[in-house]
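Peer 1: This structure is in structure tokens; I'll ask about it shortly.
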Amino acid sequence: MSTHVSRRRFLGAAAASVPGAWSLANALPSATSRSEQIASAMPKNRIIDMHVHFDEKKPSFIADFLKISDRLNLAACLLTPFASRKIVFEAAKEHPTQIIPFGFVDLDAPDVVKQVEELHAMGFRGLGELEFVRKPYNDPSYFPVYELANQYGWIVMFHTGIVLRRKFDEPEDVASGRMRPIYLEEIARRFPKITVLGAHCGNPEYEWAAEIARWNPNVFFDLSGSTLTKMHARLAEFQKIFWWSATEWHSAEWTVKTPNNDPSAFIKVVFGSDTGLDEIASVIKQYHDMFDACDVPERTRKMIMGGTLAKMLGLPD
């Protein structure tokens, strides 16, 4: 959302590709030399967090994030409200191995297409987290945005599943049913050059989310939000949700397009925290607890924690 509040804190409180002149790519002499410079500076086995919201209300956010990044060896796709795009662009230009700029847009805004075009011209790498839509994600009125993202070959991250309420005493046009993971299937198939990433694995529709990822090589999910907390005593159940490891029951393109040709069903998961900066470390631990409970192979763990996103974004892994 454009003004991010940690879902944990919010609920707790409630209960009590052509870059323009200013392109990030053009900040360095060439795309090749840029990749080489980032590769030489990027620490080994860096975690890549797909789901960090830029907090425009906190002036120290970038400095605070960089401290966390250094401490945890972490880079982040920084989900940025359109109004804050220049702040994050400048930060990404200065810290390209730590900050990967993603743009948040309102799909129902009348000028959303122009916003997306501007973000691309600046050098943003994708969109997210799209949410609070007035129509289901697969409504044709949103197709012009998806067509651009398809043209750019972007990652587009969608909120999926249950969503918090921002207002308790006023009417609001918000419904979780418009953001079900089932709608991502049509987007992934109509726009095959988009990498579709669903936040929260469809909570609580985990099985729908996993099955959509199973048959669509360009669909992935993160496990951010309340899921790993509410399932902490039964994490092994994820083996029943991501059940098809080392079987033939997956997309025929699996070995071609799935990162690292990994036969584990868990390769369809990427790391995302979606929490306050001081809580990212605890989410990392939750992911590792899930890995242990489900006997996730070591190479798959590395892909989930950064390797998959590194390949998607053309970064060193």
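The values are calculated or read from the model by the stated rules, or taken from the named source; none is laboratory data. These figures come from a predicted structure and were not determined experimentally. FYI the Cβ positions are ideal-geometry reconstructions off the backbone, even for glycines, and counts take in every protein chain you see.
Peer 1: Filter the stretch 261-317 down to the residues that are crowded, with 19+ Cβ neighbours inside 10 Å and among the hydroxyl-bearing types (S, T, Y), then identify the one that is farthest from I100 (Cα to Cα).
Peer 2: Ranking the qualifying residues of the stretch 261-317, first place goes to S264.
Peer 1: Tally up the residues in the stretch 123-170 that are at pLDDT 95 or above and basic (K, R), please.
Peer 2: So the answer is 3.
Peer 1: Still on this structure: Taking A149 as the residue in question, decide whether it is in a helix (DSSP H, G or I) and within 30 Å of T227 (Cα to Cα).
Peer 2: Spelling it out, A149 is indeed in a helix (DSSP H, G or I) and within 30 Å of T227 (Cα to Cα).
Peer 1: To continue, here is another question. Of the residues I62, I38, I68, which is of a type in the set (V, I, T), at pLDDT below 95 and either farther than 26 Å from H159 by Cβ or assigned to a helix (DSSP H, G or I) (or both)?
Peer 2: Checking each option against the conditions leaves just I38.
Peer 1: Something else about it: Go through the stretch 69-96 residue by residue and tally those that are surrounded by fewer than 18 Cβ atoms within 10 Å (Cβ to Cβ), touching a helix residue (DSSP H, G or I) at 6+ places or on another chain (Cβ under 7 Å) and over 24 Å from E117 (Cα atoms).
Peer 2: 1
Peer 1: Looking only at the stretch 262-317, how many residues end up being of a type in the set (S, T, Y) and over 17 Å from the mean Cα position of the chain (by Cα)?
Peer 2: Residues in the stretch 262-317 being of a type in the set (S, T, Y) and over 17 Å from the mean Cα position of the chain (by Cα): 3 in total.
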